[in-house]
Structure formats: structure tokens, C-alpha cells
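Step one of this worksheet: look at the structure below.
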Amino acid sequence: MKKEQLGQLIIASEETLYHVAKTLLYSDADCADAIQETIVKAFTNLHTLRQDSYAKTWLVRILINECYAFMRREKRVVPLEDYQCQETAAEHEDYSDLYEAIRQLPDKIRICVTLYYLEGYSVKETAKLLDVTESAVKNRLARARTMMRTELQRAVT
């Protein structure tokens, strides 16, 4: 794959990259940073791509790794906002109900839900992206449905 083709793929995958990053990172600024790092790494490591047909999967995998690296770096820093009133932090959040519901899920389940339901990857593709078995993906999706169903029932009653 040539750099021009990679650039076109990145532009075409912009929405997918955002959805995946948003699933793991909550701040839009953090998502943008992770996506930028992903693009840089993709261009510098283009020679490691073995088959052009897997370029989008390869790109998403780089993004997932970058998001996890970002989360590890952020764990070391305690933001000042944690010590301020929780009400002011809640006023600034403007996420959709869907992202809020997905955000409540554990990380492993959350990324499966995003890749499968929001991005349209198959169970097999999701398993390959996350480097887990297909049955693990199916179990995580089932757990996510159960957790969200339970939460919905609690909200209704």
C-alpha cells in the first residue's frame, strides 16, 4: 500500500476511528490526540502492513493500542477536576445517551460492543482485532446486552 492510499483510507475511516476512540476515551480532545498518534504510527509503520485488504483492521488495531496506552499514561495523573465539585463536571458533559450507556460497561465489553454494533465488524473480525476467540466476543456481547437490559429495567421501575 502506498502512502496516498493510506491517506485515503484514513479519510474514509474517520468516523470509525472516532467511534472506537470515543468508546475507550471520554474526552473529544483525548480522542483527537489518540487518532493523531495513530495516523503518525500508521504512516511510519506502513511497511509492517502485510496485506492491503487488512489495512482498515490494522489501522483500528493501532488506534486501540494507542487508546490503551493513553489510558495507562492518564492513570498516573490525578486531574484537578477530581478535587473540585462534581456538579460542575457534570454540567460540561454532553454525551449522547448511547455513549453514556456504553460507557458504563467494562472496557473489554465496551470495545466489543462498539466494534460489533456501531462499526459493523463481524464477530470474527472483532475477535481478530481484539486478539481473542470468537466465543469470547460472543460472550462479551451477550453480557453487554444483559447488563444494559438490567440497567434499563432499573431505570423504568
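Looking only at the stretch 92-121, count how many residues are more than 15 Å from TYR26 (Cα to Cα) and either at pLDDT below 70 or among the basic types (Lys, Arg) (or both).
Taking the stretch 92-121 and keeping what is more than 15 Å from TYR26 (Cα to Cα), we get 108-109, 112-113, 115-121.
This time we only want the ones that are either at pLDDT below 70 or among the basic types (Lys, Arg) (or both), so: 108.
Residues in the stretch 92-121 being more than 15 Å from TYR26 (Cα to Cα) and either at pLDDT below 70 or among the basic types (Lys, Arg) (or both): 1 in total.
Restricted to the stretch 114-144, and to residues that are exposed (fewer than 14 other Cβ atoms within 10 Å of the Cβ) and charged (D, E, K, R), which residue is farthest from LEU59 (Cα to Cα)? Quick ask: steps written out before the conclusion?
Here is the first cut: in the stretch 114-144, the residues exposed (fewer than 14 other Cβ atoms within 10 Å of the Cβ) are 120, 122, 124, 131, 133, 135, 142.
Next, only the ones that are charged (D, E, K, R) stay: 124, 131.
Working: LYS124: 17, ASP131: 14 Å.
Filtering first and then ranking leaves LYS124.
Do you know which residues across the stretch 56-91 are open to solvent by 90 Å² or more (accessible area, probe 1.4 Å), at pLDDT 80 or above and over 18 Å from VAL40 (Cβ atoms)?
Once the filter is applied, which keeps residues that are open to solvent by 90 Å² or more (accessible area, probe 1.4 Å), at pLDDT 80 or above and over 18 Å from VAL40 (Cβ atoms), the stretch 56-91 yields only ARG72.
Output the number of the condition that LEU17 fails; it satisfies all remaining conditions of (1) open to solvent by 20 Å² or more (accessible area, probe 1.4 Å); (2) at pLDDT 90 or above.
Every condition holds for LEU17 apart from (1).
Between a first residue in the stretch 130-153 that is assigned to a loop (DSSP other than H, G, I, E, B) and a second residue that is open to solvent by less than 50 Å² (accessible area, probe 1.4 Å) and aliphatic (A, V, I, L, M), which pairs have beta carbons less than 7 Å apart while being 6 or more apart in sequence or on different chains?
Listed pairs, sorted by first residue: THR133/ALA127.
Can you find, within the stretch 20-29, the residue that is nearest to ALA55 (Cα to Cα) among those that are surrounded by 18 or more Cβ atoms within 10 Å (Cβ to Cβ) and either of a type outside the set (Ser, Thr, Tyr) or modelled with pLDDT of 90 or more (or both)?
VAL20
Report yes if some residue within the stretch 145-155 is at pLDDT 75 or above and crowded, with 17+ Cβ neighbours inside 10 Å; otherwise report no.
Scanning the stretch 145-155 turns up no residue that is at pLDDT 75 or above and crowded, with 17+ Cβ neighbours inside 10 Å.
Which ones in the stretch 13-65 are under 27 Å from TYR99 (Cα atoms) and of a type in the set (Asp, Glu)?
GLU14, GLU15, ASP28, ASP30, ASP33, GLU37
Considering each residue of the stretch 53-70, count those that are of a type in the set (Phe, Trp, Tyr) and in contact with an Asp or Glu (Cβ under 6 Å, 6 or more places away or on another chain), and give that number.
From the stretch 53-70, those of a type in the set (Phe, Trp, Tyr) are 54, 58, 68, 70; that's our starting set.
Then keep just the ones that are in contact with an Asp or Glu (Cβ under 6 Å, 6 or more places away or on another chain); that gives none.
Residues that pass the stated criteria total 0.
Counting just the residues of the stretch 1-13 that are within 17 Å of TYR121 (Cβ to Cβ) and touching a residue at least 12 places away in the same chain (Cβ under 8 Å), which one comes out most open to solvent (accessible area, probe 1.4 Å)? I'd like the intermediate steps shown before the answer.
Filtering the stretch 1-13 for residues within 17 Å of TYR121 (Cβ to Cβ) gives 9, 12-13.
After this cut, where a residue has to be touching a residue at least 12 places away in the same chain (Cβ under 8 Å) as well, the list is 9, 13.
On the way: LEU9: 35, SER13: 4 Å².
Across the stretch 1-13, the extreme among qualifying residues is LEU9.
Filter the stretch 30-44 down to the residues that are open to solvent by less than 60 Å² (accessible area, probe 1.4 Å) and free of Cβ contacts under 8 Å to residues at least 24 places away in the same chain, then identify the one that is farthest from GLU4 (Cα to Cα). Spell out the reasoning first.
The first filter runs over the stretch 30-44 and keeps only residues open to solvent by less than 60 Å² (accessible area, probe 1.4 Å), leaving 30-32, 34-35, 38-39, 42.
Filter again for free of Cβ contacts under 8 Å to residues at least 24 places away in the same chain, leaving 31-32.
Details: CYS31: 24, ALA32: 21 Å.
Among residues in the stretch 30-44 that are open to solvent by less than 60 Å² (accessible area, probe 1.4 Å) and free of Cβ contacts under 8 Å to residues at least 24 places away in the same chain, the one farthest from GLU4 (Cα to Cα) is CYS31.
Could you check, for the stretch 51-59, whether at least one of its residues is β-branched (Val, Ile, Thr) and free of Cβ contacts under 8 Å to residues at least 60 places away in the same chain?
Within the stretch 51-59 (the criterion being β-branched (Val, Ile, Thr) and free of Cβ contacts under 8 Å to residues at least 60 places away in the same chain), the answer is no, since none of the residues qualifies.
The values are calculated or read from the model by the stated rules, or taken from the named source; none is laboratory data. Note that the coordinates shown come from a computational prediction; the quantities given were computed from them, not determined experimentally. Cβ atoms come from the backbone with ideal geometry, glycine included; neighbour counts cover every protein chain shown. Please note that ligands, DNA and RNA were not included when accessible areas were found on the heavy atoms of the full protein model with its side chains. Shrake-Rupley method; radii C 1.70, N 1.55, O 1.52, S 1.80 Å.
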